[in-house]
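First comes the structure, then the notes that go with it.
The values are calculated or read from the model by the stated rules, or taken from the named source; none is laboratory data. Worth saying up front: this structure is predicted, and the values here are computed from it rather than measured. All Cβ positions, glycine included, derive from the backbone under ideal geometry; neighbour counts span all protein chains shown.
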């Protein structure tokens, strides 16, 4: 009990720091666990002594905490939960309409990093199996950290967000399969094949349940919260038992259990049930995992640095190239690459398994854990706007794309042009519509890939930063009818306004959230700004016309 | 490590628990009874599961979370008005039942020391069982529920005193029986009892001060992040539980007070919803392990005694309560429903018996009698509590309650369900604007968001929480809403809401913020899609056309 209370206390500290500094939570949990480790034994003993000294009379049987390995229990339960929750979210739907890009980026990143990790292992003169473990440990990126970051920054549904989410899901699946292969690789090919057949069998069962059984049980059973929760947990237990019986790692069972509940809307109902349990067990799991980390010997530190450099130097450019080839803008591709540049919670699970089964030493486990902590920690800083901007300007590939598209054409002489500040998500669509009606348009864009797309669609463009007054002038701002902003970001629109300077052309700004909109209203005094949002109006019209009438009839 | 017994045991416990719970559903047997039966099968009968420390920890956490939830649900104001009746009825019942039980046991031919043990074991009712059942009925905050919980807390204090006393007795018995040692033991016992009272006073004061001056500020800072609030409150709960243990009080009391101190926060309801599933999991394990630990070998030989003692608890305890509560001016139905809640013995009784065995005061035979009485009374009283309304009507028809001469009728419960409202999920710019416009149109608007800050200053009724939680959707009573509107930009949540509304046939309006999700939302029969993206584009197009025309 005292141990559990201490763990929760440390977790509370971690969430506080995470919230105050907007720092990823998982590395903080791990760090808190590391700090807890030397303290916990001593404090538990000390508190116990105090409890006994103070009273000692009220001691229920089996209450003696000393010597009870609560860590194992938490680790086992927590692991099952973390993996189960990942399985629950596995759905091709996550990738949106970017399935091909997801497949390419996910596979290439996984393969290249695994190979690099393996090469590093061999260079360190580790045995081949250890090198493979190392490769697998660095190959995937962190679902928990990245999804949280995307959600916090409302980027889940940008094209980059979709890509990243899909890649993460794919990589988790690959790690699970990789783990099975690795655990058996020393026993020969036949064993590996048997393991894969086992995974396939459990997967098949899970698919069958997801498709035919769970929708009936979960949605039609009218089970009530308690029974539904226990049913879900029993599914988890049964799958883990099946994995155990087939000689597969228990995480495979937990993952497939999640998968069996991942069809819509079953997954939504289940997610609602286990959200808080998940928060609880994630905290417990990573704290206890953190308490297993030891400081690796100094001679291994260099290795850690090599792995970190590998993540930083290989992932972003690699993802950027592949994603650009698959049609994402330079910016979205680079952002995705930066977001994926860390090792995953699954790396920790792989390392934990390897350590517990005696395949790697505690020091190597700790090294992988520390690399994970550091690389997870840098994620929000890497994905900052300033970093992305700078790197795009530095990227030779982006410049190559841009050069390939050409300068575009100057519009100084054209009269009455509609200027687009960036292509955005749908600038090309609007531009085409206007062009069909015989209007003059010009899109100012600096993203090489997007320029290329504009060129192939035959839309006039000008290469350059749309928020720069020179570029705007070169685009013919003085004679333009209006400027269309394609960004919903307040700061970009403000920059655009500044760049337009005294040229009082109407600026059309798409809808953004109301608070930002109100702040933006101020500019109306100095500039004719039109905020293009009538969603509420249209809805209220509908509400008044149709809905209230039919509702009255219905009554 | 991963192939060890703990997960296997836990798996079997869950599996057996669920199988029996399904069976119980078909046979209309309360789930907790079925959990205990599952436990008896796993433990005493087939010997598949043995108690181990990890399972004990889970069971213990279950009790703590249950009482924490009760505290969260009852604010200080709501518990204060039942303080008097709880105190009188609690103490009165303990005295009467103990005395009556002692007489019955002596008449049944038990020795004096055995009778004392049995009588004390019969006296305590199970807080966990009753709270779980009240939770199941959703009536914890009804008047009778609050009185019952008050009584249980008083009983809990008495338990602590008895345990303290017994521990003193046990240590005295274990040592050399010289007069000096005995006297010293008595002194320590008296001092311990005194300390328990002081501790209780201190803890109560600390929690009150914390809830008023220490907690509100940091919690309102954390309110925007439900995860932070959740982890904080669990840490707070366990901190107070530790403090309670340190002060020689029970974990239950600590957990209850921790909950009570957070019940004043504006989002205590959301916290409740978050702790609830966690509690359900842990407490199910608790009930199964309760069965696992039962022991029946000697119970069959003493079947007569088991039945008589069970009847004493099932009828005698409610009788004494009716007597006390009706004297305190509560109406007949409230008194009756409160009284039936105490018709079982507690898990404390088992612990108490274990302590007796450990102290060498009683034998295993008494333990199995207590187990059997426990199983019978918990099972029967579960029915009595769940069906207390029809039971009351039945007793009234047979004029069984007439001798108590209680005031007739029912004490009023204030609770109103929402109907015909427009629920708006997500109080972002879009949500707030729609809310304001609909309020102007005279609609009853319910705003839902997990950030309390976003619900402020709108002048609409607010509900804090995540609509992915089924219990929140139930509390919002979406099924009877006039319309549900989601302004959220979260695909998963919008889809699950769309599904929910489709299932219950309520019109659903949704923010289709991204083109890719429109087909799914249409498949789920959403009534209206708000498409800011397309609307914006169209509006831009129209404006630009107008400008061109003006120029010409």
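Of all residues in region B:497-510, those satisfying the criterion of being more than 7 Å from chain A (Cβ to nearest Cβ) and outside any strand (DSSP E or B) are B:497, B:498, B:500, B:501, B:502, B:503, B:504, B:505, B:506. Every listed requirement among (1) at the interface with chain A (Cβ under 9 Å from one of its Cβ atoms); (2) touching a residue at least 24 places away in the same chain (Cβ under 8 Å); (3) farther than 26 Å from residue A:270 by Cβ is met by residue B:454 save one, (1).
Within this structure, residue A:281 fails the test of being in a helix (DSSP H, G or I), touching a helix residue (DSSP H, G or I) at 6+ places or on another chain (Cβ under 8 Å) and surrounded by 24 or more Cβ atoms within 10 Å (Cβ to Cβ).
If the condition is being farther than 18 Å from residue A:285 by Cα and either part of a loop (DSSP other than H, G, I, E, B) or in contact with a strand residue (DSSP E or B) (Cβ under 8 Å, 6 or more places away or on another chain) (or both), then region A:337-374 contributes A:340, A:341, A:342, A:357, A:358, A:359, A:360, A:361. The condition (being away from every other protein chain (no Cβ under 14 Å) and crowded, with 18+ Cβ neighbours inside 10 Å) is satisfied by just one residue among A:440, A:446: A:446.
When only residues in region B:391-438 that are away from chain A (no Cβ under 12 Å), in contact with a strand residue (DSSP E or B) (Cβ under 7 Å, 6 or more places away or on another chain) and at pLDDT 85 or above count, which is nearest to residue B:465 (Cα to Cα)? Here the residue is B:425. Say whether the condition of being surrounded by fewer than 22 Cβ atoms within 10 Å (Cβ to Cβ), at pLDDT 85 or above and within 14 Å of chain A (Cβ to nearest Cβ) is met by at least one residue in region B:282-303. Yes, region B:282-303 has at least one match.
Report yes if residue B:10 is in contact (Cβ under 8 Å) with a residue 24 or more places away in the chain, more than 28 Å from residue B:123 (Cβ to Cβ) and within 14 Å of another protein chain (Cβ to nearest Cβ), otherwise no. So residue B:10 passes the test.
Against the conditions (1) free of Cβ contacts under 8 Å to residues at least 60 places away in the same chain; (2) surrounded by 21 or more Cβ atoms within 10 Å (Cβ to Cβ), residue B:341 satisfies every one except (1). Please indicate, with yes or no, whether at least one residue in region A:206-222 is within 24 Å of residue A:76 (Cβ to Cβ) and at pLDDT 90 or above. Looking for residues that are within 24 Å of residue A:76 (Cβ to Cβ) and at pLDDT 90 or above, one finds at least one in region A:206-222, hence yes. Taking the criterion of being without any contact (Cβ under 8 Å) to a residue 24 or more places away in the chain, over 30 Å from residue B:224 (Cα atoms), surrounded by fewer than 22 Cβ atoms within 10 Å (Cβ to Cβ) and within 28 Å of the chain's Cα centre (by Cα), would at least one residue in region A:214-224 satisfy it? Scanning region A:214-224, I find no residue that is without any contact (Cβ under 8 Å) to a residue 24 or more places away in the chain, over 30 Å from residue B:224 (Cα atoms), surrounded by fewer than 22 Cβ atoms within 10 Å (Cβ to Cβ) and within 28 Å of the chain's Cα centre (by Cα), so the answer is no. From the list A:435, A:423, the one residue that fits, being within 14 Å of chain B (Cβ to nearest Cβ), over 30 Å from residue A:19 (Cβ atoms) and out of contact with any helix residue (DSSP H, G or I) (no Cβ under 7 Å at 6 or more places or on another chain), is A:435. Restricting attention to region B:158-180, the residues that are within 12 Å of chain A (Cβ to nearest Cβ) and modelled with pLDDT of 55 or more add up to 11. Within region B:429-465, the set of residues being part of a helix (DSSP H, G or I) and over 25 Å from residue B:265 (Cα atoms) comprises B:429, B:430, B:433, B:434, B:436, B:437, B:438, B:439, B:440.
Could you please let me know if residue B:370 is modelled with pLDDT of 90 or more, assigned by TED's automatic domain parsing to the domain that holds residue B:127 and assigned to a helix (DSSP H, G or I)? I'd like the intermediate steps shown before the answer.
Values: modelled with pLDDT of 90 or more: no; assigned by TED's automatic domain parsing to the domain that holds residue B:127: yes; assigned to a helix (DSSP H, G or I): yes.
When the stated conditions are applied, residue B:370 does not pass them.
A quick yes/no check of all residues on (1) touching a helix residue (DSSP H, G or I) at 6+ places or on another chain (Cβ under 9 Å); (2) within 14 Å of chain B (Cβ to nearest Cβ):
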position: A:197; (1), (2): no, no
position: A:202; (1), (2): yes, no
position: A:210; (1), (2): yes, no
position: A:220; (1), (2): no, yes
position: A:225; (1), (2): yes, yes
position: A:230; (1), (2): yes, yes
position: A:233; (1), (2): yes, yes
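Based on what the data block shows, is residue A:144 under 20 Å from the mean Cα position of the chain (by Cα), modelled with pLDDT under 90 and closer than 30 Å to residue A:185 by Cα? Don't jump to the end; show me each part of the working.
Working: under 20 Å from the mean Cα position of the chain (by Cα): yes; modelled with pLDDT under 90: yes; closer than 30 Å to residue A:185 by Cα: yes.
Taking the combined requirement at face value, the residue satisfies it.
Only one entry in B:247, B:242, B:234, B:323 is modelled with pLDDT under 90 and either within 21 Å of residue B:216 (Cβ to Cβ) or within 14 Å of chain A (Cβ to nearest Cβ) (or both), namely B:247.
When you check residue B:381 against the structure, is it under 18 Å from the mean Cα position of the chain (by Cα) and more than 16 Å from residue B:137 (Cβ to Cβ), yes or no? Spelling it out, it is not the case that residue B:381 is under 18 Å from the mean Cα position of the chain (by Cα) and more than 16 Å from residue B:137 (Cβ to Cβ).
From the list A:260, A:276, A:291, exactly one residue is in contact with a helix residue (DSSP H, G or I) (Cβ under 7 Å, 6 or more places away or on another chain), within 30 Å of residue A:35 (Cα to Cα) and more than 13 Å from chain B (Cβ to nearest Cβ). Which is it? Every option except A:291 fails the conditions. Taken over region B:511-541, residues that are facing another protein chain (nearest Cβ under 9 Å), without any contact (Cβ under 8 Å) to a residue 40 or more places away in the chain and closer than 25 Å to residue A:92 by Cβ amount to 9. When the residues of region B:497-506 are filtered to those that are in contact with a strand residue (DSSP E or B) (Cβ under 7 Å, 6 or more places away or on another chain) and crowded, with 21+ Cβ neighbours inside 10 Å, the one that is nearest to residue B:427 (Cα to Cα) is B:497. Of the residues examined, residue A:314 is not one that is surrounded by fewer than 24 Cβ atoms within 10 Å (Cβ to Cβ) and free of Cβ contacts under 8 Å to residues at least 24 places away in the same chain. Given the criteria more than 23 Å from residue B:243 (Cα to Cα), in the same structural domain as residue B:294 (by TED's automatic domain parsing) and either in a helix (DSSP H, G or I) or without any contact (Cβ under 8 Å) to a residue 60 or more places away in the chain (or both), does residue B:32 qualify? So residue B:32 passes the test.
Of the residues B:15, B:68, B:88, B:20, the single one that is surrounded by fewer than 22 Cβ atoms within 10 Å (Cβ to Cβ), farther than 28 Å from residue B:335 by Cβ, modelled with pLDDT of 85 or more and assigned by TED's automatic domain parsing to the domain that holds residue B:245 is B:15. Would you mind stating whether residue B:55 is in contact (Cβ under 8 Å) with a residue 24 or more places away in the chain, assigned to a helix (DSSP H, G or I) and within 30 Å of residue A:357 (Cβ to Cβ)? Answer is yes for this residue. If only residues of region B:473-496 that are crowded, with 22+ Cβ neighbours inside 10 Å and at the interface with another protein chain (Cβ under 9 Å from one of its Cβ atoms) are counted, the one that is nearest to residue A:161 (Cα to Cα) is B:495.
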